Amino acid sequence: MRRVLTPPERYQFGASVRPLLVPGHDPCGHFRNDELWLALRTPEGPATLHLARSGGELLATGHGPGAAWVAERADAIAGLRDDLTAFAELAAGHPVVARLARTFAGVRMPATGQVFPRLLRAILEQKVTGKEAHRSYREICRRFGEPAPGPAGLVLPPDPAAVAATPYWEFHPFGVEQRRTQTLVRAAQVAGRLERCAGSAEAVRRMTALPGIGPWTAAEVVRVAYGDADAVSVGDFHIPNTVAYALAGEPRGTDERMLTLLAPFPGHRGRVCDLLAMGGLTAPKYGPRMPVRSFARF
């Protein structure tokens with residue numbers, strides 16, 4: 001199943017789709033040589049999407065029973081449905097944001113239409129370092145993943161039903177303690193309802209109704225599942241400081257201060273946070289780094 005997509009001028013393929021993958025190695029996808037391979041569980045069955053540059057176009061190819069579904073959604077997954085209407089005008093109101101908006105004008109926000117795979121990753125990232133979370137994610141995908149269609153050698157994201165049926169102590173060797181495991185199992189139990197949400201607002205409401213899922217986790221999910229450019233990760237350890245430093249020259253910030261500084265960018269507050277990260281803007285660091293641990297050893 002194939003489609004030919006026409007990206008906008010200056011489109012940055014790699015920067016647009018890399019948020020779909022766990023850094024380092026992702027068993028469910030990879031980006032190499034200007035090609036993306038991504039395994040998904042679609043409503044029509046397992047599928048793998050292949051996106052490849054071909055001149056000024058993107059060639060989208062679907063594999064497996066869900067090939068038609070991923071091919072139809074390939075433009076959204078590549079970020080080509082991202083709406084930047086009026087953002088340039090908003091960005092012009094702050095010199096730092098205006099400069100970053102010009103520099104990364106070709107970056108688009110993807111929208112997979114898949115809630116549970118990103119929710120799995122976001123739950124694992126709660127209150128631990130990225131290295132810890134990503135190691136757990138890879139091991140869980142290998143444990144629960146099944147071979148994905150196509151020639152890329154990927155595995156499918158974990159089946160929510162299999163996760164929901166697994167006792168919490170079986171996640172301990174993957175470095176996940178009981179609290180996050182119970183949150184993950186609760187999310188897996190209602191994954192079907194989460195996938196049927198009509199949009200970002202409904203998904204946030206349903207997710208945050210579950211114990212263990214707050215605004216940070218929900219925002220991390222809807223930015224990727226729905227391409228929600230306004231989703232701000234309230235409760236993050238670093239982002240309030242980054243926003244306060246980049247937009248106001250203040251080395252430390254609170255969630256409240258962050259939201260105040262982002263208020264001039266309605267509809268694009270999450271996009272501004274992403275631009276600051278892409279631009280490498282970070283607040284001064286005063287304390288020691290958080291140690292990398294493994295709950296599997298506790």
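The values are calculated or read from the model by the stated rules, or taken from the named source; none is laboratory data. Computed from a prediction, not measured in an experiment: that's the story for all the values here. All Cβ positions, even for glycine, are placed from backbone atoms using ideal geometry, and neighbour counts span all protein chains on display. Accessible surface areas use protein heavy atoms only, side chains included; no ligands, DNA or RNA. Shrake-Rupley method; radii C 1.70, N 1.55, O 1.52, S 1.80 Å.
If a residue must be at positive phi and charged (D, E, K, R), how many such residues does the range 1-36 contain?
So the count comes out to 2.
Tell me which residues, restricted to the range 141-165, are open to solvent by less than 20 Å² (accessible area, probe 1.4 Å), over 17 Å from the mean Cα position of the chain (by Cα) and modelled with pLDDT of 95 or more.
Listed by number, the residues that qualify are ALA148, LEU154, VAL163.
In the range 73-127, what residues are aromatic (Phe, Trp, Tyr), more than 30 Å from ARG186 (Cβ to Cβ) and open to solvent by less than 30 Å² (accessible area, probe 1.4 Å)? Walk me through how you get there before you give the answer.
In the first step, residues of the range 73-127 are kept if they are aromatic (Phe, Trp, Tyr); the result is 87, 104, 116.
Of the ones still in play, those that are also more than 30 Å from ARG186 (Cβ to Cβ) are 87, 104.
Once the filter is applied, which keeps residues that are aromatic (Phe, Trp, Tyr), more than 30 Å from ARG186 (Cβ to Cβ) and open to solvent by less than 30 Å² (accessible area, probe 1.4 Å), the range 73-127 yields only PHE87.
Condition first: modelled with pLDDT of 95 or more, open to solvent by 50 Å² or more (accessible area, probe 1.4 Å) and either more than 20 Å from ALA88 (Cα to Cα) or part of a loop (DSSP other than H, G, I, E, B) (or both). Now tell me which residues in the range 254-281 satisfy that.
Correct list: THR254, GLU256, ARG257, ALA263, PRO264, PRO266.
Taking the conditions exactly as written (of a type in the set (Gly, Ala, Ser) and open to solvent by 10 Å² or more (accessible area, probe 1.4 Å)), does GLY29 satisfy them or not? Give the derivation first.
On the way: of a type in the set (Gly, Ala, Ser): yes; open to solvent by 10 Å² or more (accessible area, probe 1.4 Å): no.
Criteria not met by GLY29.
Take the conditions in a loop (DSSP other than H, G, I, E, B) and closer than 30 Å to VAL272 by Cβ and apply them to PRO8. Does it pass? Spell out the reasoning first.
Working: in a loop (DSSP other than H, G, I, E, B): yes; closer than 30 Å to VAL272 by Cβ: yes.
It is true that PRO8 is in a loop (DSSP other than H, G, I, E, B) and closer than 30 Å to VAL272 by Cβ.
Restricting to helices (runs of 4 or more DSSP H) lying wholly in the range 194-253: which have 1 or more residues that are among the β-branched types (Val, Ile, Thr), without any contact (Cβ under 8 Å) to a residue 12 or more places away in the chain and touching a helix residue (DSSP H, G or I) at 6+ places or on another chain (Cβ under 9 Å)? Even if it seems obvious, please write down each step before you answer.
Numbers: elements: 200-208, 215-225, 239-248.
The qualifying helices (runs of 4 or more DSSP H) are 200-208.
Just one of ALA198, ALA246, ALA229 is open to solvent by 40 Å² or more (accessible area, probe 1.4 Å) and not polar (S, T, N, Q); which is it?
Values: ALA246 fails: open to solvent by 40 Å² or more (accessible area, probe 1.4 Å); ALA229 fails: open to solvent by 40 Å² or more (accessible area, probe 1.4 Å).
Selected residue: ALA198, the only one of ALA198, ALA246, ALA229 that is open to solvent by 40 Å² or more (accessible area, probe 1.4 Å) and not polar (S, T, N, Q).
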